[in-house]
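> Just passing along the structure, written as structure tokens.
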Amino acid sequence: MTQHTFRAEPFALPFDLKTTALVMIDMQRDFVEPGGFGEALGNDVSLVRTAIEPCKKVLKAARDHKMLVIHTREGHRADLTDCPPAKLTRGGQTFIGTKGPMGRILVRGEDGHDIIPELYPIAGEPIIDKPGKGAFYQTDLHLILQNHGIKTLIVCGVTTEVCVNTTVREANDRGYECIIPQDCVGSYFPEFQKYALEMIKAQGAIFGWVSDANAIVEGLKG
Ligand code: TIU
């Protein structure tokens, strides 16, 4: 077993390259590009685009080290039967399933639902389609991670306080150690970005560790 360490807060996190996976949360056009779900909810998507370049760095390092890389996408079946009625009307009106410039919003198979070209999955990288905010809810993510003997998750993506935080909490309860590079996650709300990250690392890493893209790349090099 090769023991490496990530520089992180509230303290350094030891990990083994073989039992560490990268999880890219919902880097979809619907959240990161104009005309999608994020913008329909009244948000300025340019705020989350800052995560793209740092995510590219971490994704390249993970691929160079032959790590397990998993991508997630939030979205629903075309008939919306897997979308809770209460979720349909979030945002004050119905957006999910309606037609936008990138196709039907948050519907699987539509252009807006797909992952942005900058971070597009390559062969061998599982894609998890999830109906909720958490990547473990109603998906086979836990099964895939267990089958690969994964213990540590590097979690990137959008948005910090919604799908990233929900997934980190779900992972933490399942026994995974999560590290979040702060420049690789994005929020439409600067204050939520700050506090969502503080919540993760508070109380001695109650949910996980906070780091940055450079520290992840260095840590993976060993
Ligand atoms: N609205 C918002 O901030 N996020 C979401 O609805 N989903 C994700 O975070 N992926």
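> Going by the structure shown, is Thr98 surrounded by fewer than 18 Cβ atoms within 10 Å (Cβ to Cβ) and of a type in the set (Val, Ile, Thr)?
Yes: the conditions hold for Thr98.
> From the list Ala21, Ala12, Ala40, which residue is out of contact with any Pro (no Cβ under 9 Å at 6 or more places or on another chain) and open to solvent by less than 10 Å² (accessible area, probe 1.4 Å)? Spell out how you get there, then give the answer.
Numbers: Ala12 fails: open to solvent by less than 10 Å² (accessible area, probe 1.4 Å); Ala40 fails: open to solvent by less than 10 Å² (accessible area, probe 1.4 Å).
Only one candidate passes the filter, namely Ala21.
> Another one. Could you check how many residues of the stretch 1-27 are assigned to a loop (DSSP other than H, G, I, E, B) and either within 13 Å of the ligand (Cβ to nearest atom) or out of contact with any Ser or Thr (no Cβ under 7 Å at 6 or more places or on another chain) (or both)?
The total comes to 6.
> For Lys194, which of the numbered conditions (1) closer than 23 Å to Phe37 by Cα; (2) in a loop (DSSP other than H, G, I, E, B); (3) more than 14 Å from the ligand (Cβ to nearest atom) fails to hold?
For Lys194, the exception is condition (2).
> Which residues, taken from the stretch 123-163, are in contact with a helix residue (DSSP H, G or I) (Cβ under 7 Å, 6 or more places away or on another chain), farther than 19 Å from Val210 by Cβ, surrounded by 15 or more Cβ atoms within 10 Å (Cβ to Cβ) and in contact (Cβ under 8 Å) with a residue 40 or more places away in the chain?
Listed by number, the residues that qualify are Pro126, Ile128, Lys133, Ile150.
> Met67 versus (1) within 15 Å of Ile180 (Cα to Cα); (2) more than 11 Å from the ligand (Cβ to nearest atom); (3) touching a residue at least 24 places away in the same chain (Cβ under 8 Å): which is the lone unmet condition?
(1)
> Based on this model, can you work out whether Val45 counts as surrounded by 14 or more Cβ atoms within 10 Å (Cβ to Cβ) and more than 21 Å from Ile144 (Cα to Cα)?
Here the answer is yes, as Val45 does meet what is asked.
> Which is among the small types (Gly, Ala, Ser), modelled with pLDDT of 95 or more and touching a Gly at 6+ places or on another chain (Cβ under 9 Å), of Ala21, Ala51?
Ala51
> What single numbered condition from (1) under 12 Å from Ser187 (Cα atoms); (2) assigned to a helix (DSSP H, G or I); (3) near the ligand (Cβ under 10 Å from one of its atoms) fails to hold for Asp30?
All conditions are met except number (1).
The values are calculated or read from the model by the stated rules, or taken from the named source; none is laboratory data. Bear in mind the structure is a predicted one, so any value in this text is a computation, not a measurement. A quick note on method: Cβ atoms are made from the backbone with ideal geometry, for glycine too, and the neighbour counts reach across all protein chains shown. All accessible areas refer to the heavy atoms of the entire protein, side chains included, with ligands and DNA or RNA removed. Shrake-Rupley method; radii C 1.70, N 1.55, O 1.52, S 1.80 Å.
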